[in-house]
Each structure stands twice: as structure tokens, then as C-alpha cells.
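Below is one structure, written out as C-alpha cells; the observations come after it.
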Amino acid sequence: MLALALTTSSLAGATSAFAGASQVADPPSPTERVNAITSAKSALLADSAALRASDKDSFTLESAVTGTRGLQYLSYARTYAGLPVYGGGVVVATDESGAVVNTVASGQQTKINVSTTPKVAAEAAAVTARTKVAEVESVATPVLSVHATTTKPRLAWEVVVTGVNAEKFPTTQHVYVDAQNGRIIDAWDEVRAASGHGYYNGQVTIDTAATSMTDPTRSGISCGGQNGSAYTGTDSNWGNGQGTNLETACVDALYGAQKQWDMLRSWLNRNGINGSGRGYPSRVGLAQVNAFWNGQYANFGRSQDGQRQVTPMDVVAHEFGHGIFQFTPGGSGSGNEAGGLNESTGDIFGALTEAYAQNASDPADYLVGEEVNLVGSGPIRNMYNPAALSHPNCYTSAIPRTEVHAAAGPQNHWFYLLAEGSNPGGGKPSSPICTGGPASVTGIGIQKAGQIFMGTLNLKTQPWTHARARVASLNAAKSLFPGSCTEFNTVKAAWLAVQVPQQSGEPTCTQGDDAFSMELAPPSGSVTPGQSSTTTVRTTVTSGSAQSITLRVGSLPAGVNASFNPQTITAGQTSTLTVTTSANSPQGTHSITVTADGTAVDRTANYTLQIGPGSENDFSVSVSPTSASVEAGQSATTVLSTVVTSGQAQNVALTAANVPAGVSVSFNPQTISSGQSSTVTISTTGDVTPNTYAITLNADGASADHSASFSLTVSGDGGETTWATWTPYTAGQTVTYQGVSYRCLQSHTSLPGWEPPNVPALWQRV
């Protein structure tokens, strides 16, 4: 039996107004969110064959976010026999009322049927995974999982290795080692590198605290130096406008991050970088000709001539665009094709942010990094003609093997054609069309293009490819602009113009298609056994002509009957649904699927029937990320999220337990309502003992209590400590083992069998 668990969700949305467009939809009401979750549950069960689900599969709700025009996107993680499945995620999209509007999307290609008993030990997998990183700083405890992004799912150890790559850049590699033969299956890197008085943006207004470069209204947004602390001052007059001044660089970084945040809210109805109201810090002063996103913050270096910091608006928005890619379904992904799409995502969000900001000092231009002139060669990438910088304009079979920054070319080119067209005029550059494409493409405007692209990311699954992006973008266009085929057809033409062809099973659109929407009012009812409950089925013509609709319900609990009056209606009319129970009907909460079977399209909605006493108020809790590594004296942050699983929302007080000496935990806010989130800051002192600690985060509700675990790894000299396995050690640190002192010769994470006397390459007796 396919199992479904609803455990974690980000129930956040944002309200604002589009610049020059209609009002952004309000966040869904609790009833609309419950309808969406119920619809998704029904869709997962109904589409289990298409999802390649086995009887050992379970699906857990990870997040539920609101998109443009009120669309809801519910992302589910898959487990197989209790093991996490990489590549098995599922996304269900619904309309604002909670009715499913898209085919359920999953990247998994084959039903899983693997042994869950590994032949390769975790320690051996960790040793193999270390080979992916030139200079290893830490190795996380391997996690047994199923790797399912290829046609043959395999049991694997996921090992996270942090360190420095061969090019001396930071890297955090997620390495999948086959648990049966010990070979590396796959690997992907969390770190995404990019080649008051701002230097780039001029005299600007930014939001900061009175004496700290911390945004007081956008959670998580701040800027400072390489130690991770925000810059402080005696007033809020920041920077001197000079290209080498780091406080000035932070003015530009904050300006870009804040404009991107506002664009996401106003144009795309996204609440922060992670979709649930959180942004991330910027660091400046990196001693490299580079900038990168490492999964937790963006780090910015300098130009090759040392005269400018790498903080123009499009580069800042590019780096946090990697964060958006990471915090949409499917995560960051693996392989060069997903990597190229990720790089392109950063470029697209840079272009969107420039267009939204309308800053005369940095006008929108679809060039990337042209103002920083990173290595003295002008722009880093060109979106309207990637080939101008020797990057591919068109998709070919070589793209999955192309370096990721160059591989951004086809999707960048697609986005420009979608937004501006092939010959936009008005001073905007023309854009070439690849062989076999349409004669021309007429753009729909950057705002609509951005809405479609955000909707595409909200449907992302692993493995993420150009072919999957094409199908998802067509589904997004059809959902966002019902009754119109203009946007849909432009999306399609732009993909053909970059040589991404039609895919099997992709949607179609016919102008003026007959369509309707359906809702239940009220969407739920409560009765004692033997009583009846009624609701009104309302239909509305959304395009074309009214069509005949036959109403029916799905499976019913024992002793429950349902009837419609009338059972057949014309779109635009209503019907009364009466649900009658018997004295023996099972008590509890039941979901009844109502189907409106039209002559052209079908719609479904769910009616929640409570028989007998209502459910107790309850909620679930989760944290993201679930772990962090810091040097002694530094701090880490995570977000604790809650979701109502039954009954009503309740007050929840947050506390921490199992906190070691030298570590403190704070919550902002400390008390929330279930369904809300809190930012958790874990701070360490300089003398905390290096080790890995499991900290318990408690959520104490009025009628239920829950907790989640956060793993904190602390490294540093920390004095002389007792050697232990799975512990990061740094060169020069001393430990004791069986009463003898040893000095670490090379930074590493200890593994079983690596006791100091046994590994002379790592330890020297002192």
C-alpha cells in the first residue's frame, strides 16, 4: 500500500502589488491549504503508477508554497523502505482553491526494487568520497539512501565532503557511493561559483539597523566580512563609494539582495529566497577573482585588477538565484546539465532584478557582470547572444558535457526570446534563432516571462534537464494564464528557437478551449453519526463556452451515501451535495473526492467530513538545514518550521535541550503559532570542545509537543581533547589517545580505524 505522510511544510506566502499588473493573490486560507494537501494526497494515490511507486514507497510533504495568481505548489519527498530517495521527489500544483491543475511531476524513471542491505561499509564509502575533494576539511556521517536519478535505482551512501577543490575554491560535495560495489555513482556541489554610497549603484537607500548592516525587515539579509559578522558603525551612513572599500561593497550587496527580494514578492509572489520568508547573508572581501553561493551565504571577491569588488546588482542576484534554485523542489541537482540550468537561473534572476530596480546607474541589459569587468574582458555572459562570448546559443547533445557556465547559454537564450523576442526593437538587441526554429519569436515581456520561469522552478524534479524544463514551463504557462494560448505558444516557440524539441506527453493549448473552475462552499462539514451535511458545488466558466458537467464522488466511508441535486449541470451553475451518514459510520475525519466530469475538461475538489468528535489540535516540526559545521567561536543558523496536521493552530513555545557547554541557542521569535517558522541561531564560544553535537529543538504546543534534531560540528584547536571518530581535526591540533598526546599533521575527519597510532601520515606523537 502506498503510504503518505504529511509532516513538514512551509506555509508562507506574501502579498503585494505587481508593478503595472493586477494585485498579487493573497496567501491561501487554512481551508484552501488543507484542500490543496487533500487534493495532492488523492493525486499521489491516483497517479502511483505514473510515479513508479512501489508498495515500499512513502511520500512526505516537505514544503507548500504559494506562487503567482495564488497557485499552490506542494513538494513531497520519497522514501523507500524508510530510506531517502534522491531523485524521487514529487511536485503537485493546485489552483488557489486547492484543486489539482497540473499532472503530478516526478523525475524518477523506474520503480525501485533494490536490496536495502549494503555490502560496502559507511567508513569505506567515506574514504572513497574523500577523493572528490582536493583538500578535505570535514566528512559528514554517511547516510544510506537510494539514488534514483538514472534508469536503474541503486542503494547508495550519500557522503557530504567539505573542503577546497583543485582550483583552491571552497566546495561542499554530495557524493553518492554505490553501497554494493563501492564505486561513485554521482556527485554534486552545493557551492555554486560565478566567474548609503555604492560603487555600482550610486547614492541609494538601503534598509539596515541603526548601527549594523543587517536588514531589520527581510529575515536573514545582512552583509559583512569573511568572519560572517555584519559590519557595524556609529550611524547608518555606510560606505564611501570607492571600488576597493568593503563597506561600500556591502552597500551594493545589500541593495541588490533587497531589490531581488522585493522583485520576488511583487512580481513573482515568492516570499524571500527560500520561499518561506528567509534570505541569506553576504560576505565581502574574498581574496579571489570570484564570487560564489555555498548553500548558506553568498561570498564576493574582487576584480582581477583589484580595483572593484564583485558586487554589481546582477552578480548579487545571480548568487542568490542559486539559493532560489536550491530552495525549490528537487534542490540543486547533479550533473553538468542541471548545473548549466542552475547557472542560467542565476543569470535570469539577475536580469529580472535589474529590470525591477530600474536603476539608471545599472540599467537592465541582459548582460552578466558587465560592470565589474571581472578579468578585463567585459561581460561574463550574454543572454541574447551567448555565442558572442563563445557559449552555445542552441541545445545539443553536447550540453550535458559542457562546462556549467557555458552550458547556461541555451536557457539564457530561451529566456531572452520569451521576454523580448527575436527582434524586439526599441533599442533592444536582436537575438538569433537556431536552425529548425520558427522564423521569429514575439516576446511577452520580462515580468510574464519571470512568472513562467518561477512557476517552472516550482515544478522542478531531479534529474533536471532542458527537456523537463520545457514541459514544466508549458504547464506553468497554461496554469498561470488560463484561457489564453499566447503565453503558452511563446514559451513553446522560444524552446524550439534554441533547439529543445517537443517532448512526449507535453501539454497542448487551443485558444478558446472550453474550461471551468469548481469550488465547494463550505469545503468541510461536521456531523454526528446518523446526520447529514450539505455543501454547494459552484462552477464558473473560465474560457470558451459553457459545457455540460456530470457530478460524482469517489469512494465513501462505510455507511455514508452522497447525492447531488441536480447531478448534471451546465458550467456556471451550482448543485447541492448532500452527504448522509448512518449510526454505524466510522468516526473520524474523511476526505471525499468530488469530480465534475465536463465534456471538455474535468475538475476535482475535496470535501472534508468529520464524523463524531473533531480531531485534536496537532502539528509537525522540522528544521532546514539539519546540520552545520563551524569553527569554535562562530555561529550557525537554521529555520524551524511547523505545519498544522490536524485541528486548529496553537501557540508553540520553542526551547533547546542537549546543548553542550560553550554553546547557546536562541529563537527569533521564541513563540510562534503552528504553521509558522522561527530562525534558530546556534552560537559557540572560543573554548567549546571540538566535536559533533546533537542538539534537540523542542516545540511545546498548547495541546501537543514535538521536537527535531540539529547536528552541530565544531572544529578548531580547542585545546587538547580526547580523540574520537567522525570528528573534524585541523593541522596543529593536539589530542590524547589512551593517555598519549598526538599532534594533527593534516586536516581531516576521523574515521573508525584511524586512531592516531595507526595513521602516521595524519598524527605525530608529541
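Quick notes
- Size check on region 651-766: the Cα extents along the three principal axes, sorted descending, read 55, 26, 21 Å.
- Normalised size of region 546-696, defined as Cα radius of gyration per 2.2 N^0.38 Å with N residues, equals 1.70.
- Accessible area in square angstrom per residue, the chain, 1.4 angstrom probe: 38
- When the solvent-accessible area of region 33-83 is split by element, carbon and sulfur atoms take up 50 percent of it, the probe being 1.4 Å.
- Shape category assigned to region 425-514 from the gyration tensor of Cα positions, a/c cut at 1.5: rounded
- The calculated 222 nm mean residue ellipticity attributable to helices in the chain amounts to -6000 deg cm²/dmol, summing -39500 (n - 2.57) over DSSP H runs of n ≥ 4 and dividing by all residues.
- Sorting the Cα pairs of the chain by distance into bins of 10 Å, from 0 upward, gives 3, 13, 22, 26, 20, 11, 4, 1, 0 percent per bin.
- Size check on region 144-217: the Cα extents along the three principal axes, sorted descending, read 59, 30, 23 Å.
- Overall form of region 279-396 per C-alpha gyration tensor (a/c, 1.5; a/b vs b/c): rounded
- One quarter of the convex hull surface built on the alpha carbon atoms of region 495-539 amounts to 6.6 nm², the projected area averaged over directions.
- Once the chain from residue 595 to residue 387 is taken as fully extended at 0.36 nm per residue, the excess over their C-alpha distance is 69.8 nm.
- Region 513-621: Rg to Rh, with Rh as the Kirkwood radius over Cα pairs: 1.04
- Based on alpha carbons, the Rg and Dmax found for region 420-472 are 13.5, 39 Å.
- Taking the protein heavy atoms of region 467-603 in the context of the full set of protein chains, the accessible area attributed to carbon and sulfur is 45 percent at 1.4 Å.
- Checking Cβ-Cβ separations below 4.7 Å across the chain identifies 744 as cysteines lacking any candidate disulfide partner.
- Size descriptors for region 461-525, from the alpha-carbon set: Rg then Dmax equal 15.0, 52 Å.
- Here the average projected area of the convex hull drawn through the C-alpha atoms of region 44-156 stands at 9.1 nm².
- Of 289, 491, the residue with the largest accessible area leads and the full order is 289, 491 (1.4 Å probe).
- Shape descriptor for region 352-495: Rg over Rh equals 0.96 (Cα atoms; Rh from the Kirkwood inverse mean 1/r).
- Rounded accessible area of residue 132 (nearest 10 Å², 1.4 Å probe): 90
- Long-range lysine pairs (8 or more apart or interchain), the chain, Cα under 17 Å: 9
- Using a Förster distance of 35 Å, the FRET efficiency for residue 741-residue 683 (Cβ separation, nearest 0.05): 0.75
- Compactness of region 208-287 - radius of gyration and Dmax, Cα, Å: 12.8, 37
- Percent of Cα-Cα distances greater than 12 Å, calculated over region 132-185: 63
- Efficiency of FRET from Cβ geometry, residue 135 and residue 721, R₀ 25 Å, rounded to 0.05: 0.65
The values are calculated or read from the model by the stated rules, or taken from the named source; none is laboratory data. Here the structure is a predicted model, which means the values were calculated and not measured. With ideal geometry, Cβ positions are generated from the backbone for all residues, glycine too; neighbour counts draw on all protein chains shown. Just so you know, the surface numbers come from the protein's heavy atoms only, side chains and all, with ligands and any DNA or RNA stripped out. Shrake-Rupley method; radii C 1.70, N 1.55, O 1.52, S 1.80 Å.
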